[in-house]
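The values are calculated or read from the model by the stated rules, or taken from the named source; none is laboratory data. Because the structure is a prediction, the values reported are computed rather than measured. What goes into the accessible areas is simple: the full protein's heavy atoms, side chains included, and nothing from ligands, DNA or RNA. Shrake-Rupley method; radii C 1.70, N 1.55, O 1.52, S 1.80 Å.
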Amino acid sequence: MGLFGKKKREKNEINNKQMKEGLANTALQLLKQGTDYDSLANTMCEFGYLFMIDGHGIEALFKITTDKGVFYFAAQKDALMRLNLTEELFIGTTQKFLSLHN
């Protein structure tokens, strides 16, 4: 709830291709060639959730899969963070967030 009992407006942006590409490209800049990937040729990105929340900004959880592994990221407000998660935590966090925000 926001001020005076008003509910914050949330918009599910999971189908917003431009927003997803922007977040994924920013996350790719945090990966290191030779350590996190050798080639980005078959790199994939999967979003667990992506919301725009009035007065807060972006809330997102996603993963990037490279030729060397899976790397998890969260976007909150205007910050992008690399996370140390397991696939089980990624799935569980996604399910919990979606159950609270849908």
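In table form, for the structure just shown:
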| item | result |
| --- | --- |
| Residues of region 1-84: accessible area per residue with a 1.4 Å probe, Å² | 66 |
| Sum of -39500 (n - 2.57) over DSSP H runs of 4+, divided by residues of the chain (222 nm, nearest 500) | -8500 deg cm²/dmol |
| Cα pair distances exceeding 18 angstrom across the chain, given as percent | 49 |
| Gaussian network model of the chain, Cα within-10 Å springs - most flexible of Ala41, Ala79, Ala60 | Ala41 |
